[in-house]
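> Quick one: the structure is below, and I'll ask about it shortly.
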Amino acid sequence: MKLHMRDLTKAYHEHPVLNVAEATLGMHGLEGLIGPNGAGKSTLMGLLTRRIAATTGTVELEDGDARHPLNPIRSHQVANLGLVKTNQRIQGFESLTIRDNLRLAATAHANETYRGVLDQNQTNDAIEAEIDDYLSQFTFADPDGFAKSGGEKKLLDILRCLIFKPRMLLMDEPTAGLPDDVTAKVMDMVRAKVKSGEMTVVIVEHDLELIWNYCAYVHFLSEGEILFHGTPDDVKNNRVVAEKYMGV
Amino acid sequence: MAYLIFSLSLMLIYIGLAQMLHVQFGLLGIPNFGVVGFWGLGMYAVGVMQVQLGMSFVDAMGLTVVLLVIASYFLGRLILRLERQAILCATIAFSAIIALLAVTEKWMTMGVVGLGTIRHPFRVLGLEEILFFLFLLALIVVMQILILKLHKSRLGRLMVATRDNEELAASLGKDTFQVKIVAFTLTATIMGVLGGLSAPLNQFLTPNMIVPSITFAVWISLVLGGKEHALGAMLGVFVTFGLFDILIETYAPVSPEFAVVVPNMKLFFYGALLVGVLVFRPTGILDRKIKPEDISAALSRGMSTGLAGAGRGMQSFAKVADEKLINRKKEDDQ
Ligand SMILES: Nc1ncnc2c1ncn2[C@@H]1O[C@H](COP(=O)(O)OP(=O)(O)OP(=O)(O)O)[C@@H](O)[C@H]1O
Ligand SMILES: [Mg+2]
C-alpha cells in the first residue's frame, strides 16, 4: 500500500509545524523518514493515520486499484483499511496481560459483539497459535503476565501492530528503549514481511545505521518540509542533509 | 416482615444500579454521576403513565423503555466524546434537570404534592410484595450472570482496553465510540428500568426522592466493593445498604433517643469505611485480580469446612449422647 499526500499542513496555535506540498510513501517497500528533533516526523505520522487532524491538505491510501481518501474517515477506519502505526511515546492497556493485548489486536472488531458475550469466547486456536509463535521468538520476563519494563511495553506496542497484520505499517522510533538484539530481531522480521509482500513500512529513526542497513529509500524532513528523498547513498551524500542533520 | 421485604427489594434495586455503574465506570471508564437521574426518570415515567394516563404497569414500562433509550442515546451522543470531568459534570446536570422537572411539571408529576398510588404489578392478594421481590431477585441474578459472562468475552476485553487507552484501541481498528454509546444507552436504560420498578415499590412518588445521595450511595458501594470486579457491585451494596440500612437500622436495639442519629451515623460509617478501603485497598475490597472462581472456591471451601465442622460436632454430640444413654442403661440395669 502507498500513501499520497498533497498540500498537507499542520499548525499548532497558528504556528506551522508541517508543510508537505506533495509526497508519496510506500513505493519502495521499506522506507526511512529521518530528520532533526522537532522536524515534524511524529506529527506527519499522526496526520497520516488520522490520530491528528490536519489543518489543510489531503491524504489518500492507495491499495491496488483502489484509492481511499483518508480525510473523511476516523482513526479506527484507517486501521481497518490496513494502515497502522507504532508509537514513539510508550502506550498500552495496563489492565490487559501481554497475551490479552495480542488477542485484542488480533481479534477482528466485527467479532467483538453483544451476542458473543453469551459464548464467553475470547480467542480462537489460530490466534493462540500466532501468539505462541510471537512469544516464542520474543522473550518477556512474564509472558503470561503483564509487560513490566519500558522496553517490554515498547516491544508489545510493535507486536500488537504486527499481529494486527497491517498492509502498511508506520513505525515511530521503534528501537528507542529496546536492547540491540531485540531491535535486530524486530527489524529482521519486518524486513521479511516486506519482502514477502505482506506490507509496506515507513520507519522514523535517529539510529542512522539502522536506516542505512534496512531501508531501500529515505525521506529527509526538516522544519516541517521534505527537503530531499532518495536511496540511502544519495541521502548520505546530500549536502543539505549533511548540513541540517548530520552536523557536518 | 413487610418492611424487611421492602428493604430487601430496595437493596436489589441498588445492586442493579451498582451493576450498571460497574459496566459504565468500572469497565468503560464513563463516570456517570447522574445515576439518580436515570433512575428517577424511569420511576416518574412509569408513575405518570399509570396514574395520569391509566396505563397498565407493563404498557407503562414498555413506553418508559422507549423514552429511556432515546434520552440516554442522545445524552450519550452529546457527552461521550468529552473529557471525563466534562462527562461527570454533564451527568450531574442531567440528574439535576430530572429532579427539577419532577417539581415544576405539576400537570404531569403533581409537583411536591406527590404522585400516587402506583399499584403493584402482581395482583395476588397478600403476595404482591413477595412476588415482586422474587421478580427483582431473578432480574438481578440474571444481570449478574451476564456481567460475569461479559468479563470473559471479547467485548468485555475491548471495554477494558477502551477504558485504559481509547485512542490506542481506535488505532487498532476498534470503533470505541460505538462501543461506548451502545453500552451507555443499554446500561442507562436499565438504570431507568430499575427506577420504573421502584415506582410500585414506593407507591407514592415525591420529587425529594430524586436526591444526589442515591447517586453517591451507588458510587460508594461500587468503589467499596471493587469497581473493576464483576462481583464488586453486589458485595459493595451488601456491605453498605445491607449492613447499615437493613441490619443495623432495622434490627439493632437502638433506644428512641438514638434512633434519630442513626441515619447520620450511617453516612459517617459509609464515609469512614470508604476512606479505610481507599487507603488500604484503592481498588476496592475485590481487587480485579481476584477471579470470581477464587471467590466461589473460597466460599465452597468455607462451606465445606463449615459442614465438616458441623459434622464433627454432630459426631461428638452423638458420641456424648450415646455414652449418656449407655450409662443410663447401666444405671437402669443395676
Ligand atoms: N500538541 C502539540 N502542541 C503544540 N506543539 C506541538 C504539539 N505536538 C508537536 N508540537 C510541535 O511540533 C513540532 C514537531 O513535533 P514532532 O513531535 O512531530 O517532531 P519529531 O520530528 O517527531 O521530533 P522527535 O525526533 O524529537 O520525535 C515540534 O516543534 C513540537 O514542539
Ligand atoms: Mg517524534
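The values are calculated or read from the model by the stated rules, or taken from the named source; none is laboratory data. Please read all numbers here as calculations on a predicted model, not as lab measurements. Neighbour counts are summed over all protein chains in view; Cβ atoms, including those assigned to glycine, are modelled from backbone coordinates with ideal geometry. These accessible areas exclude ligands, DNA and RNA; they are computed on the full protein's heavy atoms, side chains included. Shrake-Rupley method; radii C 1.70, N 1.55, O 1.52, S 1.80 Å.
> Give me the one-decimal nm value for the distance between modelled label points at A:Val17 and B:Lys291, 7 Å along each residue's Cα-to-Cβ direction.
A separation of 4.4 nm, rounded to one decimal place.
> Over its Cα atoms, what ratio of radius of gyration to 2.2 N^0.38 Å does chain A give? Spell out each step's value before the answer.
Values: Rg = 18.6 Å, N = 248, 2.2 N^0.38 = 17.9 Å.
Cα Rg divided by the expected 2.2 N^0.38 Å: 1.04.
> Calculate how steeply helix A:125-137 sits against the longest principal axis of the alpha-carbon atoms of chain A, using the helix alpha-carbon long axis, and give the answer as 0 to 90 degrees to the nearest 10.
60
> Starting from region B:93-139, pick out the trypsin sites (Lys or Arg not before Pro) whose DSSP state is loop and whose Cβ has at most 12 other Cβ atoms within 10 Å.
On the way: sites: B:Lys106, B:Arg119, B:Arg123; in loops: B:Arg119, B:Arg123.
In loop regions of region B:93-139 (DSSP not H, G, I, E or B), the sparsely surrounded trypsin sites (Lys or Arg not before Pro) are B:Arg123.
> Compute the long axis of helix B:212-225 from its Cα atoms, compare it with the longest principal axis of the Cα atoms of chain B, and write down the angle in degrees, 0 to 90, nearest 10.
Between the helix axis and the principal axis of chain B, the angle is about 50 degrees.
> Still on this structure, please answer the following. For chain B, the longest stretch holding no chymotrypsin sites (Phe, Trp or Tyr not before Pro) located in a DSSP loop with at most 16 other Cβ atoms within 10 Å is which?
The longest such stretch corresponds to B:205-334.
> Right, something else. More than 19 angstrom separation, counting every C-alpha pair in region B:1-136; what % is that?
So the pairs more than 19 Å apart make up 59 percent of the total in region B:1-136.
> In straight Cα distance, which lysines are under 26 Å from A:Lys185, not counting same-chain residues fewer than 8 positions off?
A:Lys185 reaches A:Lys2, A:Lys41, A:Lys85, A:Lys148, A:Lys153, A:Lys154, A:Lys165, A:Lys193, A:Lys195, A:Lys236.
> Of all trypsin sites (Lys or Arg not before Pro) in region A:48-143, which ones are in loop regions per DSSP and have a Cβ with at most 15 other Cβ atoms within 10 Å? Working shown, then result.
Numbers: sites: A:Arg50, A:Arg51, A:Arg67, A:Arg74, A:Lys85, A:Arg89, A:Arg99, A:Arg103, A:Arg115; in loops: A:Arg50, A:Arg51, A:Arg74, A:Arg89.
Here the sparse-neighbourhood loop sites are A:Arg74, A:Arg89.
> By what distance, in whole Å, do the Cα atoms of region A:93-166 stretch along each of the three principal axes, largest value first?
37, 22, 20
> Still on this structure, I have one more. Rank these by accessible area, largest first, 1.4 Å probe: A:Cys161, B:Cys89.
Reading off the accessible areas and sorting them downward yields B:Cys89, A:Cys161.
> Any chance you could run the full-extension gain for B:Phe204 through B:Val124? It's 0.36 nm times the residue separation minus the Cα-Cα distance, nm to one decimal.
Contour length minus the Cα-Cα distance gives 26.8 nm.
> Compute from the Cα atoms of chain B the Rg and the Dmax, the latter being the longest Cα-Cα distance, and quote both in angstrom.
According to the Cα coordinates of chain B, Rg and Dmax are 24.0, 93 Å.
> Need one number: nm distance between label points at A:Asp144 and B:Lys152, each 7 Å from Cα along Cα→Cβ, rounded to one decimal.
1.7
> Which FRET efficiency, nearest 0.05, do A:Arg115 and B:Val69 yield, Cβ-Cβ r, R0 25 Å?
After rounding to 0.05, the efficiency reads 0.85.
> Next question. Okay, which of region A:139-159 sit inside 16 Å, backbone N to the point 7 Å along the Cα-Cβ direction of A:Glu94?
A:146-150, A:153-154
> Quick one: Karplus J couplings for region B:93-105, per residue in order, coefficients 6.51, -1.76, 1.60, θ = phi - 60°, nearest Hz, x for Gly and Pro?
With coefficients 6.51, -1.76 and 1.60, one gets 4, 4, 5, 5, 5, 4, 4, 5, 4, 4, 7, 7, 7 Hz.
> Can you tell me the length gained on complete extension of the stretch B:Tyr251 to B:Phe280, counting 0.36 nm per residue apart and subtracting the Cα distance? Kindly include the intermediate steps, with their values, before the conclusion.
On the way: separation 29, 0.36 × 29 = 10.44 nm, distance 2.98 nm.
Contour length minus the Cα-Cα distance gives 7.5 nm.
> Check A:Thr200: other-chain or 5+ apart residues with amide H under 5 Å from its amide H, H built from backbone geometry?
A:Met168, A:Leu169
> Okay, next question. Starting from the exponent 0.38 and prefactor 2.2 Å, build the expected Rg for the protein assembly as shown from its residue count and divide its actual Cα Rg by it. Each step should come with its number before you reach the end.
On the way: Rg = 31.1 Å, N = 582, 2.2 N^0.38 = 24.7 Å.
Expressed relative to 2.2 N^0.38 Å, the Cα Rg reads 1.26.
> Cross-chain or 8 or more residues apart, Cα under 28 Å: how many lysine pairs in chain B fit that? Count them up, please.
Close lysine pairs found across chain B: 21.
> ³J(HN,Hα) across region A:83-94 via Karplus (A = 6.51, B = -1.76, C = 1.60, θ = phi - 60°), whole Hz, x for Gly/Pro?
Along region A:83-94, the couplings run 9, 9, 9, 8, 10, 5, 7, 4, 9, x, 10, 4 Hz.
> If you take the beta carbon distance between A:Arg239 and A:Glu130 as r and set R0 to 35 Å, what does 1/(1 + (r/R0)^6) give as a FRET efficiency, to the nearest 0.05?
Using R0 = 35 Å, I get an efficiency of 0.15.
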